[in-house]
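Following: one structure in structure tokens, then a few remarks.
Each value in this text was obtained by applying a stated rule to the coordinates, not by laboratory testing. What you are looking at is a predicted structure, and each value in this text was computed from that prediction instead of being measured. With ideal geometry, Cβ positions are generated from the backbone for all residues, glycine too; neighbour counts draw on all protein chains shown.
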Amino acid sequence: MAIDATHNLPEDVESAIRDAKKTERSPLAIQIIDEILENAQIARERLLPLCQDTGTAVVMLEIGQDVHITGGFVIDAVNEGVRKGYSDGFLRNSIAARPFSARTNTGDNTPAVIHTDIVPGDAIHISFMPKGGGCENMSRYQNFLPGMGKKAVIDFVCETVDMSGGNPCPPLIIGVGIGGTAEKAMTMAKHSLFRKVGSQNEDAETAALEDELLAAVNALGVGPQAVGGSTTALDVFVETFPTHITALPVAVNIQCHSARTKSVTL
Amino acid sequence: MTTKHLTTPLTDEAISGLRIGDHVTFTGVIYTARDAAHKRLIELREKGEPLPLELAGQVIYYVGPTPPRPGMVIGSAGPTTSMRIDPYTPAMLDMGVKGVIGKGGRGPAVRESFRQHHAVYCIAVGGTGALLNRHIKKVEIVAFEDLGTEAIRRLEVEGFPAIVVNDAAGGDLLEEGKRQYRTSDRPIPAVQSLGG
């Protein structure tokens, strides 16, 4: 999964980048988009990772409640898979063991960041995202006054994208989690990044907010790699959850144009 | 779009001819360094110890490549976020560095430093490490091998593509570009203040 995800740009992402060329106004931005598309082709043909930052291994496990796992601990199995994938695939190991002191590289890109969820059924669904540092580091969370509503969300997302500039490698895919608690909001924002580009939230009001956010972000003029242009984001995904009467939590988790994901169901 | 072809080390004259938004290529030798290598170089300088490479006139590329597959000289090799190197850049320019390749914008003090030192900041397209690999012909580790992907490497490059973001005249492409293509009535934030 790690090797496949880091070498093959998902079709929905590549086609969204190709479509962006049709509406982009800046000649320099169009040249950048062409280089991004050429890169995807070279990566596939020459077995090179799309990006040298092959990321933190983020893994979301949805485990059916009827599943009984034998023969070892599932978390160990995921980490063993990451270890093997990053070594066999000539991927970069980018994990520092101690975050605030000795930042020694763990040498095998473990531990993965693993989220587990119990779901109905007897299957295990594994979603893998090699998450680059440039875009992950632009994540933001803030709680707003409940009465501030939709405007607070739009202002916060626009401000985040504006101030991030070229750091997260636009054109972006933007995940937004609204509601729940602090960690719930950020987890929803991350989870939404597994959605297909072009998909919409099933809830009509939330889908309308996604459209409004995408238009607002693309009006900022940041453009591909922040050189200026009309293509700042390819899509914006919003997930929501009921929240406390005192709160309006908003989390933003940004994905770069190298929006690498891979999912399997066992 | 026309392309200006540069050879390294960069001359003052070549730098004078560059303007923001120019598409350029680099041919010759460039050196890789990220945060950790910058920190060590500047510590050596502060202690008055010799540097493992001559920086005068050189171009530094902010990259931590993937390991090469057998038969290749380097793996995927695109730029990393330049803002993380901001604290070290003025000192590097003091030591004679004339060109830098990374991605994203620089803080106001660093932009001013490029102007003062008659140096240039370029971006390569972030997330195109497979494409950029083709322009790197030879690789040799020259210092800090223990840093792994962050070691200083001497790269021989041919036609390595980049875009000028901060020129020696004090221009900033990211500011100009945003202003030109902005259709939003939101005020532009004074600084890009997100770290990382």
- Query: Within the stretch A:213-255, how many residues turn out to be outside any strand (DSSP E or B) and within 14 Å of another protein chain (Cβ to nearest Cβ)?
  - Reply: 20
- Pick from the stretch A:175-207, criterion of a type in the set (A, V, I, L, M, F, W, C) and in a helix (DSSP H, G or I), ranking: surrounded by the fewest Cβ atoms within 10 Å (Cβ to Cβ): A:Ala204
- Residues satisfying the stated conditions in the stretch B:112-132, i.e. touching a Phe, Trp or Tyr at 6+ places or on another chain (Cβ under 9 Å), within 11 Å of another protein chain (Cβ to nearest Cβ) and assigned to a helix (DSSP H, G or I): B:Leu132
- Message: Quick check on A:Glu210: is it under 26 Å from B:Arg182 (Cβ atoms), charged (D, E, K, R), surrounded by fewer than 24 Cβ atoms within 10 Å (Cβ to Cβ) and more than 14 Å from chain B (Cβ to nearest Cβ)?
- Response: yes
- Item | Selected residue (only one of B:Asp146, B:Asp86 is within 12 Å of the chain's Cα centre (by Cα) and part of a helix (DSSP H, G or I)) | B:Asp86
- Given the conditions (1) closer than 30 Å to A:Met163 by Cα; (2) among the polar types (S, T, N, Q); (3) more than 11 Å from chain B (Cβ to nearest Cβ), and given that A:Asn137 satisfies all but one, which numbered condition is not satisfied? (3)
- Going by the conditions given, is A:Ser192 touching a Gly at 6+ places or on another chain (Cβ under 9 Å) and more than 14 Å from chain B (Cβ to nearest Cβ)? yes
- Message: Every residue in the stretch A:64-77 that is outside any loop (DSSP other than H, G, I, E, B) and out of contact with any Asp or Glu (no Cβ under 7 Å at 6 or more places or on another chain), please.
- Response: A:Val74, A:Ile75, A:Asp76, A:Ala77
- Hey, among the residues in the stretch A:78-118 that are of a type outside the set (Phe, Trp, Tyr), out of contact with any Asp or Glu (no Cβ under 9 Å at 6 or more places or on another chain) and surrounded by fewer than 12 Cβ atoms within 10 Å (Cβ to Cβ), which one's farthest from A:Glu183 (Cα to Cα)? A:Asp88
- Message: Which of the numbered conditions does B:Pro70 fail, given that it passes all the others? Conditions: (1) crowded, with 18+ Cβ neighbours inside 10 Å; (2) out of contact with any Pro (no Cβ under 9 Å at 6 or more places or on another chain); (3) within 11 Å of chain A (Cβ to nearest Cβ); (4) without any contact (Cβ under 8 Å) to a residue 60 or more places away in the chain.
- Response: (1)
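Here's the yes/no breakdown for (1) closer than 20 Å to A:Gln52 by Cβ; (2) away from every other protein chain (no Cβ under 14 Å):
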site	(1), (2)
B:Thr8	no, yes
B:Ser16	no, yes
B:Gln58	no, yes
B:Tyr61	yes, no
B:Gly64	yes, no
B:Ser76	yes, no
B:Met83	yes, no
B:Val97	no, yes
B:Val110	no, no
- Identity of the residue in the stretch B:133-148, within 11 Å of chain A (Cβ to nearest Cβ) and under 23 Å from A:Asn105 (Cβ atoms), that ends up surrounded by the most Cβ atoms within 10 Å (Cβ to Cβ): B:Asn133
- Please work out if A:Glu14 is in a helix (DSSP H, G or I) and surrounded by 15 or more Cβ atoms within 10 Å (Cβ to Cβ). yes
